[in-house]
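Working notes for the structure below.
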Amino acid sequence: QVQLVESGGGLGQPGGSLRLSCAASGSIFSINGMGWYRQAPGKQRELVAAITTGGSTNYADSVKGRFTISRDNAKNTVDLQMNSLKPEDTAVYYCNAGKLYPRYWGQGTQVTVSS
């Protein structure tokens, strides 16, 4: 079993920045990919960004050039640096981890972008 704990959510200003962090613990042997999904009001859950242990990354088109995902394999943590925030970034952000797919999930952290 893998447990994921997110931190860093809160209120951001349009054009501003926030940084999310996620720490994994437990049976982490099964972790290859780590990343972030988000679910905004009235929308389906969507992939924001993902990263493998080898450093390969994948971003949603809507966040390319604005968000950066990074990880520390030794610490089993993954961060999401969110720059140039937009109101449409408002959502609950969920950390995830798995081998072939996102199997383990955090509880989620609210990100609200508003003036």
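The values are calculated or read from the model by the stated rules, or taken from the named source; none is laboratory data. Treat the numbers as computed from the prediction; the structure is a model and nothing was measured. Don't worry about glycine lacking a Cβ; one is built from the backbone with ideal geometry, like all the others, and counts go over all protein chains shown. Keep in mind that these areas ignore ligands, DNA and RNA; they rest on the heavy atoms of the full protein, side chains included. Shrake-Rupley method; radii C 1.70, N 1.55, O 1.52, S 1.80 Å.
Looking across Asp79, Asp72, Asp61, one residue alone is open to solvent by 50 Å² or more (accessible area, probe 1.4 Å) and closer than 20 Å to Val2 by Cβ. It is Asp72. For segment 55-97, the set of residues classified as in a loop (DSSP other than H, G, I, E, B), of a type outside the set (S, T, N, Q) and free of Cβ contacts under 8 Å to residues at least 60 places away in the same chain consists of Gly55, Ala60, Asp61, Val63, Lys64, Gly65, Arg66, Ala74, Lys75, listed by residue number.
Any residue in segment 28-43 that is modelled with pLDDT under 95, surrounded by 15 or more Cβ atoms within 10 Å (Cβ to Cβ), among the hydroxyl-bearing types (Ser, Thr, Tyr) and over 21 Å from Ser84 (Cα atoms)? So far as segment 28-43 goes, no, none of its residues is modelled with pLDDT under 95, surrounded by 15 or more Cβ atoms within 10 Å (Cβ to Cβ), among the hydroxyl-bearing types (Ser, Thr, Tyr) and over 21 Å from Ser84 (Cα atoms).
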